[in-house]
Amino acid sequence: MVKPIHVLSGPNLNLLGTREPEIYGKDTLDDVRARCEARAESHGCTVVFRQSNHEGMLIDWVQEARESASALVINPAGYGHTSIALLDALKTLSIPVIECHLSNPAAREDFRRHTYVSLAATGIVSGFGAASYELAIDAAFGLIGVK
Ligand code: CA2
């Protein structure tokens, strides 16, 4: 039995669907969760889907993924641009790490063009709204190498 894919979302994403739909889409985070669960099920695997506004909580969950996940999908939100501690935690993982963004940060303000998380990511999916999460799960599943 393949271990679940852990899907982490960072600060403010609990408010998804309530503002800036032209940038982030209309889906709520519960909608994104449902889409991730369905996508994982289509691959015969499961997801552990979590969101936190707290850097330390996200780091604890990254550490937990070391043992209990087959791959990690992470939308670090604002912490991607600021958190060396989150990068350090991600660098301890030996499973695939897919960085995921709803928008395309590279096409936005200068300060969004750099993410520390990218330094530890196997690959990045950005700019497809909620579908970025589904594409990230597809990519993660492709990298797991299920036998
Ligand atoms: O595009 C993404 O997924 C981001 O990770 C979202 C972050 C932003 O800081 C990154 O540069 C790109 C912002 C998350 C804000 O969360 C929302 C809250 C309410 C409504 C919509 C989004």
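Here is how the numbers come out for the structure above:
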item	result
Selection of trypsin sites (Lys or Arg not before Pro), segment 1-61, meeting DSSP coil and at most 15 other Cβ within 10 Å	R19, K26
FRET efficiency, E64 to A106 (Cβ-Cβ, R0 41 Å, nearest 0.05)	0.85
Förster radius 30 Å - calculated FRET efficiency between T82 and I23, Cβ distance, rounded to 0.05	0.95
Segment 5-144: Rg to Rh, with Rh as the Kirkwood radius over Cα pairs	0.93
Tail fraction, Cα-Cα pairs, segment 91-147, threshold 18 Å, whole percent	37
Label-zone membership for segment 83-108, site L119, 7 angstrom Cα→C-beta point, backbone N under 15 Å	83-93
HN-Hα J in Hz across segment 39-50 - Karplus 6.51, -1.76, 1.60, θ = phi - 60°, x for Gly and Pro	5, 4, 4, 5, 9, x, 10, 10, 10, 10, 10, 9
³J(HN,Hα) computed for each position of segment 17-24 - Karplus, 6.51 cos²θ - 1.76 cosθ + 1.60, integer Hz, glycine/proline x	x, 9, 7, 6, x, 5, 9, 10
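Read-outs throughout are calculated quantities, based only on the coordinates presented, and are distinct from any laboratory measurement. None of these values were measured; they are calculated from a predicted model. We place every Cβ from the backbone using ideal geometry, glycine too, and count neighbours over all the protein chains shown.
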